[in-house]
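The values are calculated or read from the model by the stated rules, or taken from the named source; none is laboratory data. Quick caveat: nothing in here was measured; it's all calculated off a predicted structure. Using ideal geometry, Cβ is built from the backbone for each residue, glycine included, and neighbour counts are taken over all protein chains shown. Remember, those area values only see protein heavy atoms, side chains included, never the ligands or the DNA or RNA. Shrake-Rupley method; radii C 1.70, N 1.55, O 1.52, S 1.80 Å.
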Amino acid sequence: MSCSTPAESDWYYTRGQVDKIVQLSGNKVINVEEVLDPTSCPLSLRVVIDGPPGIGKTTLCRKLLNMWSNGTLGPQQYDLVLYCPLRNSKIATATTLAGLFEYESSKVPKAFDWFRDRDGEGLLIIFDGWDELSEQDRESSLAAKIIHRKNLDQCSVIVTSRSYASSSLLKMDTLSRHVQVIGFSQEEISTVIIQTLQKDTKLAQKLIDENTEQDTEEAETDKKPRLKYKLHLTTAQSSEDSQLAVKLINDLKVRGDVRSLCYVPLVCSMVILVYCKEGGHLPTTLTQLYENFILQTIRRHMNKHDINPRTLGSLSSLPSQLARPLQEMCQLAYTNLANRAMVFSLHEIQLLSEAVKEDYLGLMTTFTEYDEEKYQFLHLSIQEFLAAWWIAKHEEKTEEVFKHHFDDDHFRMCLRFVAGLTHLEHDSYQQYFNKKEIQLQCKRKPLLNTYLPHFYQNPLIRQTVSVIETFHVFYELDNVPILHLQLLYESQNETLCQVLAKSMNENSLCLHIKQRVSTLSLFDWLCLGFFINNSKIEWDHLHLGVVPNQALSVFTDKLANSLSETKCKRLEVWLHEPNARLINQILEPSLFYNIHECYFELFKGTYVPCLVLLQFLNLPQVKILHLIMEDPDVPTIDDIDLCYTDKSTELEKCIAVQVKLLEEMNFNYRGTEEITGTLVSVIRGVELNKTITSLSLSISVRQKVPPARLPNGAIEQLLKDNNTLQALSLDIPDELLPSSLNIVEVNTPLTALEIGEESSELMTSSLLPHIKGLHCLILHEPYPPRLLFCSYPSLHTLTLPLDTAESATELFTILQTNTTLKTLNVEIEESVYTSKCNMGTSLQVMLTQNKTIEYFEINNDIPSSFLPFLTAGLRHNTSIKHLNVYIPLNTGVTYFIEAISKKDNLKEINLNFILELDQSYSCSEEQIMTPLFYEHLLPAVTSMLQSHTTIIELRIGCTHINGDWSEPHWIELVKKLYDTIFIHPSLEYIEFNKNCTTRFTHPPLEDTLKDQEVTLIERHRNEQPGKPLPIVDLNIIKLIDT
């Protein structure tokens, strides 16, 4: 039984400043009190908390412990909260519950027996540091068994981990909540700097007050404006501490790379310390930052060594009485890191020299465990840096040690420091970046509807409001070489950036992953910016996926600071709640020079649509522009400069005269703000434009007051004066159209026309009689078929609703002898099926006699009574290559599938199975459909694939499936299906979906694919050598050949 998973639930974020949460756009922010809130699942909680080093995961655990001791932990009362730091080897290797108690007591056995008898009910265990376990312990330790409910299944569990090691935890079926500790926001960084440097609380608050203002662009969930800092801070205070705080904050605004590191509280404190000691110098990399921090720490402990701290210039030039102790500590750090030990006993420490044991250079701390004195470094990242110093400075074969640990997740941070210390200058490091054809280009679902090539040069890039969920085969984040990017940034090695870039297949990079909000950290975006900035190649395609505002600022700051221009032909980005400044920042010509194709979606945010559209059109090389604006908040005249309030004339002139290369424009607007002025400017500009051949306008307004209508003659003049448009898609609602359209003369050479769903009969009846020569016609309003084919005898593609039996019969009769139409998409109203006519027979005859239709779709539910006509017609058809139908799922579906399985002409099949609602059932819809799906449909599909040896793509959609229901014998049916898929001679893509917006979950399909993945791939490669691995798309998991 499956409970909540991270893919199904909201992302739960909490800040490094755990009890002061600031809203993060695009995610659900929770208070620390909500971490353990009950879910709808009856099982006990399993909560994963992850984040980068030093972000505050352990601090959050301590906060939760403190809350429990004070009785404020949450609605669920726990009899005991057991804190288990997994860096403690005794706890990590414990085999009994008693072994998980950090301190011995006579009460422990009694508590153990009590909780064991209750299967852990009333117990909350906090396992802190999952990443510090070995791979074996992550599989077989007592902690792993408890987490995966193999022991004490009634207890609740919190697990903390560094992000790189949490992926296995996030795949648990019983995961209740995923909490990401993401650290300080930019506003919080400024506040922490002020409150740290200015010890006088009154002066600190005064400094904050004089440099903050109400945020009108971003709001909390309750829509109340919060304070944000001004772009440039100033102070009239004479206090040197206040002046230093202002200077550091302003310097960080210029140095966005270092600022992006400060979201980690530990690093933020280091930056403040180093900045103060180094007179305003900011480090570039984490390596430089930690080196400075350790140097400053050693300087503070020089009073016992009779050394002037000011004489210590760097770690590399320490005097011998300090260099030798540091070397010993570095060796201790490396040796224990290699052994996965973070806590040291007195015996290990006694092996060090007396100079080290005197104060451990201020880098270690002591504590008592079971009456024994223990030692550890101030933080794991300090141990990792010192281990890296040992590898880089004292190992004779640094490159071999680097290679030995390269695939060890436990050494990720350490190797980043090694990269910073060595700059990866040795030739041997090229082997990690000179990888053969890294497959990171976008993998999209195959094209469904063949009318799209009439409108778009790249029809696979289907820009809709739901583009992200609908059309991609998503990557796992593991496919993106994050570690390589981090190593490149730490090393600052520009040559290796070029080596890695040249290894990427098709000069393409896609960061479009499953989660709607990217899980890349700010530091990852910083590293990505450095890599792209120094790649020195012309990118064919960059798909940045969903980019949060703060990440966008970090990424573009890194590009903006470069003297070179980043060349990119195609750019895809989805921005969540952007503001005008950020949009302008990413569109700076120096950032992405030579963009030919631009695909952007702007979800909410604060900006002027007209002005933003103008910015996109001013890209000097753009040939294709697809722009979606959804629910923008347009600033009032008080919020923006007067020059921004009316750019309509400039926009019209830009499109008409200044745009010289634009060929394809798709503008999609959904919102409540006035858009008529912008729409008029676009239409009038295109009217005089000489290069645009494809124009798509899709508008949906939800204004409380009636919007302004388009002026009379706007559409008429476009069709009369423009002489370049070949494809036109208009989806403009009635409330924006004038009361009548007086179209007399059409000179536009249209070959493709779409009149969208928002447009009414007025648009259809006014345009069609005057437009000639169409090859593609997409209608969402009924129209007499005979008139269509009289007006357009060369029609290749047609989408048409059929609202009467007469019109349906007329269409199918015409097509019995038609020899030009290749694509037909019809939607037949329910009443047509029930009318007494020969519509079914005419369809059957049409399918039998027509020799040219290659794509056929009935885009709504077909009743059982009509299915025999469709089956008989398809049985004799020889031309259709792509079939898309919605048919009832019942025991008789086998006959339909058997008929199409014998049709070698069918290459792409999309079958959507439905439950007929006009039948009465004694049980629920899911109780009917789920067994039918597994016991009748899947065996029929397996049989079809076994006999149909030329099929390329297959989609199976099915409604009303119970994702929590599984029977043992279903597994064997699923295995037979997968065995057939992976040895099929022609199948390239198969998809199972739910025919609706809710997520498709089928444990038998999903679990079997995961369990059999290695075997299936091996068999495929043995029996189908040279054939690409078929893509198996279950919406949740995608098995793709990378």
Original post:
Any idea what angle helix 494-503 forms with the longest principal axis of the chain, computed on alpha-carbon atoms, 0 to 90 degrees, nearest 10?
Top reply: 40 degrees
Original post:
Percent of accessible area on the chain owned by carbon and sulfur, 1.4 Å probe?
Top reply: 48 percent
Original post:
What is the set of long-range amide H partners of Asp1033 at a cut-off below 5 Å, with H atoms built 1.01 Å from backbone N?
Top reply: Ile990, Glu991, Phe992
**OP:** Restricting to the chain, compute how many DSSP beta bridges are antiparallel as a %, nearest 5.
**Re:** 10 percent
Subject >> Nearest-ten-degree value, helix 320-338 long axis tilted from longest Cα axis of the chain >> reply: 50 degrees
Subject >> the range 1012-1024 - phi-based ³J(HN,Hα) in whole Hz, Karplus 6.51/-1.76/1.60, Gly and Pro as x >> reply: 9, 3, 5, 5, 5, 5, 5, 5, 4, 6, 6, 9, 10
Original post:
For q = 0.10, 0.11, 0.14 Å⁻¹, what log10 I(q)/I(0) does the range 17-180 give under the Debye formula with an equal point scatterer on each alpha carbon and no solvent?
Top reply: -0.34, -0.42, -0.69
Subject >> the range 881-1041, relative contact order in percent, only Cα pairs under 8 angstrom and at least six apart counted >> reply: 21 percent
Original post:
Taking amide H positions as placed 1.01 Å from N in the peptide plane, with prolines and chain starts having none, which residues 5 or more places from Asp633, or on another chain, fall under 5 Å of its amide H?
Top reply: Gly605, Thr606, Tyr607
Original post:
Taking the mean number of other Cβ atoms within 10 Å as a proxy for protection, how do you rank 56-64, 198-206 from highest to lowest?
Top reply: 56-64, 198-206
**OP:** Within 10 Å, count the other beta carbons around each residue, average over each peptide in 651-662, 597-608, and list them highest first.
**Re:** 597-608, 651-662
**OP:** Among Met172, Pro1028, Ser740, pick out the residue whose Cα is farthest towards the positive end of the charge dipole of the chain, where Lys and Arg carry +1 and Asp and Glu carry -1 on C-beta, about the Cα centre.
**Re:** Pro1028
Original post:
Given H placed on each backbone N at 1.01 Å, which residues far from His543 in sequence or on other chains put an amide H within less than 5 Å of it?
Top reply: Leu509, Cys510, Leu511, Glu572
Original post:
Which peptide among 578-586, 316-324 comes first, and what is the full order, when sorted by highest mean count of other Cβ atoms within 10 Å?
Top reply: 578-586, 316-324
**OP:** Would you mind computing, in nm to one decimal, how far apart the modelled labels at Lys653 and Ser428 are, each placed 7 Å from Cα along Cα→Cβ?
**Re:** 6.5 nm
Subject >> Full-extension gain in nm, Cys41 to Asn618, via 0.36 nm per residue minus C-alpha separation >> reply: 202.5 nm
**OP:** Divide, for the range 881-1041, the radius of gyration over alpha carbons by 2.2 N^0.38 Å, where N is the residue count.
**Re:** 1.01
**OP:** Can you tell me the dipole magnitude for the chain around its Cα centre, using point charges on the Cβ only (Lys, Arg +1; Asp, Glu -1), in Debye to the nearest 20?
**Re:** 1420 debye
Subject >> Nitroxide proxy distance, nm - points 7 Å out along Cα→Cβ at Asp1011 and Ser924 >> reply: 2.5 nm
Original post:
Pairing the Cα long axis of helix 522-533 with the longest principal axis of the chain, what angle in degrees results, from 0 to 90 and rounded to the nearest 10?
Top reply: 70 degrees
Subject >> Per-residue ³J(HN,Hα) for the range 383-390, Karplus 6.51 cos²θ - 1.76 cosθ + 1.60, θ = phi - 60°, Hz, x for Gly and Pro >> reply: 4, 5, 5, 5, 5, 5, 4, 5
Original post:
Karplus couplings for the range 880-892 from phi (6.51 cos²θ - 1.76 cosθ + 1.60, θ = phi - 60°), rounded to Hz, Gly and Pro as x?
Top reply: 5, 9, 10, 10, 9, 9, 10, 10, x, 9, 8, 5, x
